[in-house]
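The values are calculated or read from the model by the stated rules, or taken from the named source; none is laboratory data. Every value quoted in this text rests on a predicted model; they were computed, and no experiment measured them. With ideal geometry, Cβ positions are generated from the backbone for all residues, glycine too; neighbour counts draw on all protein chains shown. With ligands, DNA and RNA removed, areas are computed over all heavy atoms of the protein, side chains included. Shrake-Rupley method; radii C 1.70, N 1.55, O 1.52, S 1.80 Å.
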Amino acid sequence: ISWQNMEMKIPIEVSARHIHLSQKDLEKLFGKGYKLKKLRQLNQPGDFCAEESLELGAGDKKIKGVRIVGPAREQTQVEISLTDAIFLGVTPPVRLSGDLEGSAAFTLIGPAGAIKLSEGLIIAQRHIHCGIGEAENFGLENNSLVSVKIEGERAATFHNVKVRVKDDYKICMHIDTDEGNAAGINKIGKGTIIL
């Protein structure tokens, strides 16, 4: 069987703007020894939506109520949509999570203080989380690029979707709110991987 001719259906989640904080920055914003409160578990193991949110500043404008995703990470980063970037008057690069060198500057304002960082603001590159076993079953490789077709009234095909393979990942494509709206997906949908 040639994988090039196979179609693989996968779930799609729309990832709204959100913040990942380092423990050091979390404590600057909320106070020493602060721990995030879990609101709900997210699809990827270990990740959760926190009860807490912050005000994001970049350019001359601010966005209130930007949700924090836990647990704490090594480096603080903020993921927004292109629409958010236009509103804020900034031009963050399209990057995978964690690829922050040379990304845009921003400010976060919390109940116990504020931080200004010179980099860490990105527009998340569309990507597929995939466990090792799932990758083997689907014939996918880490860092490869695939296309994903979405059916329906606002049918669309997303190209240059990066595959991220890790032992504890569950297969799911993540797109931002702009991409979700363009394809008529409200929070959760499904698509077909085209190799």
Task: Filtered trypsin sites (Lys or Arg not before Pro), segment 16-109: DSSP coil and at most 10 other beta carbons within 10 Å - done: Lys32
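Which entries of Lys116/Lys166; Lys38/Lys62; Lys35/Lys64 show an alpha-carbon separation above 30 angstrom in the structure shown? Write down the numbers at each step before the final one.
Details: Lys116/Lys166 32 Å; Lys38/Lys62 25 Å; Lys35/Lys64 21 Å.
With Cα atoms farther than 30 Å apart: Lys116/Lys166.
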TODO: Taking the Cα centre of the chain as origin, work out the dipole magnitude from +1 charges on Lys and Arg Cβ and -1 charges on Asp and Glu Cβ, in debye rounded to 20.
DONE: 560
TODO: Just grab the label-to-label distance for Glu101 and Phe87, each label 7 Å out from Cα along the Cβ direction, in nm (one decimal).
DONE: 3.2
Task: As computed over segment 47-175, the Cα convex hull volume per residue (Å³) - done: 137
- [ ] Using a 1.4 Å probe over the heavy atoms of the protein chains, calculate the carbon and sulfur portion of the accessible area of segment 62-155 as a whole percent.
- [x] 49
Task: Nearby lysines by direct alpha-carbon distance to Lys170 (threshold 18 angstrom, same-chain neighbours under 8 apart not counted) - done: Lys9, Lys162, Lys187, Lys190
- [ ] Give, in nm to one decimal, the length gained when the segment between Lys64 and Arg40 is fully stretched (0.36 nm per residue of separation minus the Cα-Cα distance).
- [x] 6.6 nm
Open item on the list: Let me check I've understood the local charge: for Gly65, count other residues with C-beta under 13 angstrom from its C-beta, Lys and Arg +1, Asp and Glu -1. What total comes out?
Closed with: 0
- [ ] Enumerate the residues in segment 89-128 having an amide nitrogen under 18 Å from the point lying 7 Å beyond the Cα of Ser147 toward its Cβ.
- [x] 126-128
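Exposed loop sites here are GluC sites (Glu not before Pro) in DSSP loop states with at most 15 other C-beta atoms within 10 Å. What is the longest stretch of the chain lacking them? Don't skip to the answer; put the middle values down first.
Working: sites that count: Glu74, Glu101, Glu141, Glu151, Glu153.
Longest run free of exposed loop sites: 1-73.
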TODO: Would you mind getting me the FRET efficiency between Ala182 and Ile132? Use the beta-carbon distance for r and R0 = 30 Å, nearest 0.05.
DONE: 0.45
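Given a 1.4 angstrom probe, what's the average accessible area per residue across the chain, in square angstrom? Kindly include the intermediate steps, with their values, before the conclusion.
On the way: 10360 Å² over 195 residues.
Normalised by residue count, the accessible surface of the chain is 53 Å².
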Task: Given charges at beta-carbon only (K, R positive; D, E negative), |dipole| of segment 8-117 in Debye - done: 300
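At a Förster distance of 30 Å, what's the computed FRET efficiency of Asn160 paired with Glu51, Cβ-Cβ distance as r, to 0.05? It would help to have the intermediate numbers written out before the result.
Numbers: r = 35 Å, r/R0 = 1.15.
Step by step, r from the Cβ atoms, then E = 0.30.
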